[in-house]
1. Name the chymotrypsin sites (Phe, Trp or Tyr not before Pro) in region A:1-108 that are in a loop by DSSP and that have at most 16 other C-beta atoms within 10 Å, would you?
2. Per the Kirkwood formula on distinct C-alpha pairs, the Rh of region B:9-69 is how many angstrom?
3. Using DSSP loop states and a limit of at most 14 other Cβ atoms within 10 Å to flag trypsin sites (Lys or Arg not before Pro), what is the longest stretch of chain B containing no flagged site?
4. Taking 8 Å as the Cα distance limit and 6 or more residues as the minimum spacing, I'd like the relative contact order of chain B as a percentage.
5. Sticking with the crude label model, points 7 Å out along Cα→Cβ, report the distance from A:Arg69 to B:Gln3 in nm, one decimal please.
6. Which one of B:Pro83, B:Pro61, B:Pro75 has the biggest mean-square fluctuation once chain B is modelled by GNM with Cα springs under 10 Å?
7. Spelling out what I want: for every residue of region B:78-85, take phi, set θ = phi - 60°, compute 6.51 cos²θ - 1.76 cosθ + 1.60 (Karplus), and round to whole Hz; glycine and proline get x.
8. Which links in A:Lys100/B:Lys65; A:Lys78/B:Lys57; A:Lys100/B:Lys71; B:Lys17/B:Lys69; A:Lys49/B:Lys18 stretch past 29 Å when you go from one Cα to the other?
Amino acid sequence: AQSVTQPDIHITVSEGASLELRCNYSYGATPYLFWYVQSPGQGLQLLLKYFSGDTLVQGIKGFEAEFKRSQSSFNLRKPSVHWSDAAEYFCAVGVPSYDKVIFGPGTSLSVIP
Amino acid sequence: EAQVTQNPRYLITVTGKKLTVTCSQNMNHEYMSWYRQDPGLGLRQIYYSMNVEVTDKGDVPEGYKVSRKEKRNFPLILESPSPNQTSLYFCASSLRSQETQYFGPGTRLLVL
């Protein structure tokens, strides 16, 4: 069965430090891949997505993610974290043959001033 | 403004009292979906709809109903709510099933 794992439940980083959030998926073919962010009390907003082509994708708010087929991973990165980046981050996988998107459990990010 | 709206935003009810959470989108999207969010479990899909009059079960459909009579509306119905349905609910829409989803602000439900 298809699944998405985010190994880190909670991460704390200092403002200005770099960030990497991990995402691994289980799916036979190349899926569609998404990262969403949920700020406190808000709905989810798309950060970036990968459908095909260049495996390094740029998103909003200075985020980027790299698709690595050999590792079944789609890790999210940001070179310098801002206090406003504190939020919950969800990796999601689109499964075309099933008309659905599967979300990971989320990683909660705290930013220390 | 393109958006997904949900009502109510907060709801406290008692076991067995039927309730409906409304969802509406103004983007002419074909695909709509309901999720519930619980700590440590992420978002789990309850039901989805590919288009008007086309609905299907997601991963956790038990205890819920939906309907899609109009393209813009996708209400979630709890015929007989139970405490294990206490959760944060999100409605989402997208042009097609694999496209970017646009989420509503969420409905926080407490069933006593």
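Just so it is clear, none of the values below were taken in a lab; they were calculated from the coordinates. Nothing here was measured: the structure is a model prediction, and the numbers come from that model. So basically every Cβ, Gly included, is an ideal-geometry build from the backbone, and we count neighbours across all protein chains shown.
1. Sites meeting the loop and neighbour criteria: A:Phe51.
2. Hydrodynamic radius (Kirkwood, Cα only) of region B:9-69 equals 13.1 Å.
3. With a cap of 14 other Cβ atoms within 10 Å, the longest stretch comes to B:19-68.
4. Details: 302 pairs, mean separation 40.4, N = 112.
Reported as a whole number, the value is 36 percent.
5. Calculated label separation equals 4.2 nm.
6. Evaluated over chain B, the most mobile residue of the options is B:Pro83.
7. Whole-Hz 3J(HN,Hα) from phi for region B:78-85: 10, 5, 9, x, 10, x, 6, 9.
8. A:Lys78/B:Lys57; A:Lys49/B:Lys18
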